[in-house]
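Visitor: Quick one: this structure, given as structure tokens, is what I'll be asking you about.
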Number of protein chains: 2
Amino acid sequence: MNFVESLKLKQDLVNNNLEKLMQISDAPKKIVEAMKYSLFAGGKRIRPVLSIAVCEALGGNAMELLDLACCIEMIHTYSLIHDDLPAMDNDDFRRGKPTNHKVYGEAIAILAGDALLNYAFEIALNAIKKNNYHKKYTDALIEISKSSGITGMIGGQVIDITSVGNEIDENLLFGMHYKKTGKLIEASCAIGAIIADRYEMLDNVKNYSYNLGIAFQIVDDILDVTGDKEKLGKSIGKDLKDNKPTFVTIFGLEKAKMLANKFSKDAADIALKIDESKFLYELTNYLLTRES
Amino acid sequence: MNFVESLKLKQDLVNNNLEKLMQISDAPKKIVEAMKYSLFAGGKRIRPVLSIAVCEALGGNAMELLDLACCIEMIHTYSLIHDDLPAMDNDDFRRGKPTNHKVYGEAIAILAGDALLNYAFEIALNAIKKNNYHKKYTDALIEISKSSGITGMIGGQVIDITSVGNEIDENLLFGMHYKKTGKLIEASCAIGAIIADRYEMLDNVKNYSYNLGIAFQIVDDILDVTGDKEKLGKSIGKDLKDNKPTFVTIFGLEKAKMLANKFSKDAADIALKIDESKFLYELTNYLLTRES
């Protein structure tokens, strides 16, 4: 099986499981519809695919972490819904489709975000129980909860919105993105090692995901300047217009590209060491040479 | 020790533990400040006090559930912050103080809510780990997560905001309040039984909290009509002005008072059976004869 087939297989696994988890009959239809709208808006399932890839690379059974991996995708999706709100980034489009609040109104969008975060924990806690309360499931969920909280994603978002229009230095820029994007990517990889019961690999895996996460964000910032609106499904130059500090505004385009290459290479090198099958290596290259 | 002293002791336990849990050094100051603003805005700690009371009534050690009980208070607080937002109930005051978004702006208020929900799970998951992954802690957290999600509190809030201005029947009114307020009160009591390792008492305890939760909400609706603005710390007649269906608008004031008495009496009767010390009985009366 080549890389593209293997990627598709993992994405299908995630999508099918998300469909199953979102078959909910005992909640108001409107909120389930709003949650599904954003959850199935065309995301590439990068985070859960990373979880599966790391788990399999380390000899684990990816089926054991599928619910937890989907729970990360739900958390990622909730953060996008809330980030897009008028009070935050005020975005009308994401992946070429109207944002959640544009379709359902602000009140339902706020609740759909809340609901996805809460449901992620419901799903994950059920997974712990289903697996006879084995400690590794709780350990994995601890990684997820830390990565999405105030010392992780939410903390990064706070730095982001409070730094608009302000001068920030390189350290704060790295710190902000490590928290805002990097931490959840780190948790995605970490749960792969934990569910594979390869705790001794955690440092290695986190080193990989640190480099991947930073490279991923730099590429994002570069695409905001050089990307193709059609391919990206959102407007170009938005960060600049919003006065947001990015790797491009702080370092300039050329240095940003050099940095992207450096972090990409480091991530790819570690990927080769972690995963003999080379899937993780190819996934790394795929993510960091993307056009959308 | 009389009831008032015993109540104060439990509230102090909760407040001291919340203070301890909110000593956070590795997150942006602004978000911690916003979280603490609402968490320490004068709440009576009803839910965690219920957890402690039920746990002690059933022979458990309340110290074992203190973190979980505080996690319920955080979830309750996050729901108030989001409910008060301009896109939701658009409230400027709560408990006599400006609401979170009035002080910190909408973006930080949304994130402070998200942060409290996420942090509640972080705290609770750490409690599971600290207690050697004992299954009862996971079971308790499952109760909490279900009660705050789309089949519980969030579901109730969705029914609430989508029913503004619409005719709703008695069943939907009961269902809405059972979900919006009752479920988290139910979970507060349920974790008391679970941490006391008295699973066989869960039905009894849930029967108690069902009656308590409904009575509590009817009293709330009555106070919105007959209450004292100063004592309540918020404006009177807001539900009516907002065209919200309440127990008073659906049943009329007299029948609403009769219903409050009926559910209160049922709750108090079960409280006497659960708790020999009578604390739960007195707490029930205290909550249901309150003026704010």
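Visitor: Can you tell me the Rg and the Dmax, both Å, for the Cα atoms in segment A:73-151?
Guide: According to the Cα coordinates of segment A:73-151, Rg and Dmax are 14.9, 44 Å.
Visitor: Using a 7 Å offset from Cα along the direction of the beta-carbon, what are the separations from residue A:243 to the same position in each other copy, nm, ascending?
Guide: Distances to the matching label points in the other copies: 3.8 nm.
Visitor: Now, a different point. Compute and list, largest first, the equivalent-ellipsoid semi-axes of segment B:195-264 from the alpha carbon gyration tensor, each √(5λ) rounded to a whole angstrom. Write down the numbers at each step before the final one.
Guide: Working: eigenvalues 173, 40, 20 Å².
With the √(5λ) rule applied to segment B:195-264, the semi-axes are 29, 14, 10 Å.
Visitor: Points 7 angstrom from Cα along the Cβ direction at residue B:228 and residue B:103: gap in nanometres?
Guide: A separation of 2.5 nm, rounded to one decimal place.
Visitor: So which aspartates and glutamates pass the test for residue B:265, namely a Cα distance under 19 Å, with those fewer than 8 places away in the same chain ruled out?
Guide: B:186, B:203, B:220, B:221, B:254, B:275, B:276, B:282, B:291
Visitor: Residues of segment B:125-139 with backbone nitrogen within less than 13 Å of a virtual label 7 Å along the Cα-to-Cβ line of residue A:197, please, listed as ranges.
Guide: none
Visitor: Taking 1 over the mean of 1/r across every pair of different Cα atoms in segment A:3-288, what Kirkwood radius in Å do you get?
Guide: Result for segment A:3-288 stands at 19.2 Å.
Visitor: Percent of alpha carbon pairs in segment A:44-101 separated by more than 14 Å? Write down the numbers at each step before the final one.
Guide: Working: 1000 of 1653 pairs.
So the pairs more than 14 Å apart make up 60 percent of the total in segment A:44-101.
Visitor: Provide, in order from the shortest bin, the percent of all Cα-Cα pairs of segment B:231-292 in each 10 Å bin, continuing until the bin that contains the maximum pair distance.
Guide: Here the calculated profile for segment B:231-292 is 20, 37, 30, 12, 1.
Visitor: When each copy gets a label point 7 Å from Cα toward the beta-carbon at residue A:170, what are the spacings between them in nm, shortest first?
Guide: 7.2
Visitor: Continuing with the same structure: Could you give the distance between the Cα centres of segment B:223-284 and segment A:241-292, to the whole Å?
Guide: Between the Cα centre of segment B:223-284 and that of segment A:241-292, the gap is 58 Å.
Visitor: What distance in nm separates the simple spin-label points at residue A:255 and residue A:171, each placed 7 Å from Cα in the Cβ direction?
Guide: Simple spin-label model gives 1.7 nm for this pair.
Visitor: Taking each residue in A:15-28, count the Cβ atoms of any other chain within 10 Å of its Cβ, then average. What number comes out?
Guide: If you average over the peptide's residues, the count of other-chain Cβ atoms is 2.
Visitor: Also: Can you list the equivalent-ellipsoid semi-axes of segment A:29-126, largest first and in whole Å, using the square root of 5 times each Cα gyration tensor eigenvalue?
Guide: Largest first, segment A:29-126 gives 27, 14, 10 Å.
Visitor: Ranked highest first by average number of other Cβ atoms within 10 Å, how do B:4-17, A:96-109, A:149-162, B:123-136 line up?
Guide: By packing density, highest mean first, the sequence is A:149-162, A:96-109, B:123-136, B:4-17.
Visitor: For residue B:94, enumerate residues with amide H under 5 Å from its amide H, sequence gap 5+ or separate chain, H modeled in the peptide plane.
Guide: Sorted by chain and number, the residues that satisfy this are B:99.
Visitor: Here is a further query. If you put a point 7 Å past Cα along the Cβ direction, how far is that point for residue B:26 from the same point in each other copy, in nm, smallest first?
Guide: In ascending order, 3.8 nm.
Visitor: To continue, here is another question. Starting from the Cα of residue B:164, step 7 Å along the direction of its Cβ; do the same at residue A:29; then give the gap between the two resulting points in nm.
Guide: So the two model labels end up 2.2 nm from each other.
Visitor: Right, here's the next one. Two-decimal Rg/Rh of segment A:173-292 from alpha-carbon positions, Kirkwood Rh?
Guide: On the Cα set of segment A:173-292, Rg over Rh gives 1.01.
Visitor: Whole Å is fine, so just give me how far the alpha carbon centre of segment A:72-138 lies from that of segment B:31-88.
Guide: 22 Å
Visitor: Turning to a different aspect of this structure: Ignoring solvent entirely, what values of log10 I(q)/I(0) come out of the Debye formula for the protein assembly as shown at 0.06 Å⁻¹ when each Cα is a single scatterer?
Guide: For the requested q values the scattering log ratios are -0.31.
Every read-out reported here was derived from the displayed coordinates using simple, explicitly stated rules and does not represent laboratory data. Note that the coordinates shown come from a computational prediction; the quantities given were computed from them, not determined experimentally. Don't worry about glycine lacking a Cβ; one is built from the backbone with ideal geometry, like all the others, and counts go over all protein chains shown.
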